[in-house]
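Notes to accompany the following structure.
The values are calculated or read from the model by the stated rules, or taken from the named source; none is laboratory data. This is a predicted model, so every value here is computed, not measured. We place every Cβ from the backbone using ideal geometry, glycine too, and count neighbours over all the protein chains shown.
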Amino acid sequence: MIRDLRAGDREALAVILRGDEAFRADEVAVALELIDGALAGDPDYVVLVAIADEQIAGYVLYGPTAMTRATFDLYWIVVERRARGRGLARALVGAMEAAIRARGGRNIRVETSPSDAHVAARKLYERLGYPIAVELPDFYAPGEALLTYYKQL
């Protein structure tokens, strides 16, 4: 089941983020800051939560891209390790895309790194029809590019 974020969801999402070795402590802090923004009603951050076995198992966080008319950014998608392989990430992205279409959105941008920690995310984006549109070398660090995936709905 996919549903909107609720006030009591923050701690479960924090546990999922902290338990995922793909994210450094500073990345977890940023992710939680954006979740807090969504909880505070900031319209720039929307969170959908995946429920599996009656527990929060993951989330997607997205929002409108500033200074555009119909483009959105997918900021975070995380599925708890034990819940992976059950189609939750696909369901979260599908629900996000439907919500974006309902708001008149036409484009979705995703930024990530080519690091080994993000292999699963990159494979997901590619399976769901998000091609790489831009690669900026040495963006995150020497030898670590920025990959921008871009899908037109």
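Looking at Val30, is it under 22 Å from Thr148 (Cβ atoms) and in contact with a strand residue (DSSP E or B) (Cβ under 8 Å, 6 or more places away or on another chain)?
Criteria not met by Val30.
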Of the conditions (1) under 25 Å from Ile56 (Cβ atoms); (2) under 14 Å from the mean Cα position of the chain (by Cα); (3) of a type outside the set (Phe, Trp, Tyr), Arg109 satisfies every one except a single condition; which number is it? (1)
Options Leu34, Leu61, Leu48, Leu74: the member that is outside any strand (DSSP E or B) and within 21 Å of His118 (Cβ to Cβ): Leu34
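Is it the case that Val110 is within 19 Å of Leu17 (Cα to Cα) and assigned to a strand (DSSP E or B)? Walk me through how you get there before you give the answer.
Numbers: within 19 Å of Leu17 (Cα to Cα): yes; assigned to a strand (DSSP E or B): yes.
Spelling it out, Val110 is indeed within 19 Å of Leu17 (Cα to Cα) and assigned to a strand (DSSP E or B).
For every residue, the table says whether it meets (1) modelled with pLDDT of 95 or more; (2) in contact with a helix residue (DSSP H, G or I) (Cβ under 6 Å, 6 or more places away or on another chain); (3) at positive phi; (4) of a type in the set (Val, Ile, Thr).
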residue: Arg82; (1), (2), (3), (4): no, no, no, no
residue: Leu88; (1), (2), (3), (4): yes, no, no, no
residue: Glu97; (1), (2), (3), (4): yes, no, no, no
residue: Ile100; (1), (2), (3), (4): yes, no, no, yes
residue: Arg106; (1), (2), (3), (4): yes, no, no, no
Is there any pair with a first residue in segment 74-91 that is under 24 Å from Gly63 (Cβ atoms) and a second that is of a type in the set (Val, Ile, Thr) and part of a helix (DSSP H, G or I) whose Cβ atoms are under 6 Å apart and which are 6 or more apart or on different chains, and what are they? Val78/Ile16; Glu80/Ile16
A careful count of residues in segment 70-88 that are aromatic (Phe, Trp, Tyr) and over 23 Å from Arg24 (Cα atoms) gives 1
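Here's the yes/no breakdown for (1) at pLDDT 95 or above; (2) among the basic types (Lys, Arg); (3) more than 19 Å from Tyr125 (Cα to Cα); (4) exposed (fewer than 12 other Cβ atoms within 10 Å of the Cβ):
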| site | (1), (2), (3), (4) |
| --- | --- |
| Phe23 | no, no, no, no |
| Val28 | yes, no, yes, no |
| Ala40 | yes, no, yes, yes |
| Tyr45 | yes, no, yes, no |
| Gly58 | yes, no, no, no |
Within segment 113-150, count every residue that is assigned to a loop (DSSP other than H, G, I, E, B), in contact with a Phe, Trp or Tyr (Cβ under 8 Å, 6 or more places away or on another chain) and either over 19 Å from Val79 (Cα atoms) or touching a residue at least 60 places away in the same chain (Cβ under 8 Å) (or both). 1
Give all pairs with beta carbons closer than 7 Å in which a residue from segment 1-17 that is surrounded by fewer than 18 Cβ atoms within 10 Å (Cβ to Cβ) meets a residue that is charged (D, E, K, R); count only pairs at least 6 apart in sequence or on separate chains. none
Could you tell me how many of the residues in segment 77-107 are over 15 Å from Lys151 (Cα atoms) and part of a loop (DSSP other than H, G, I, E, B)? 6
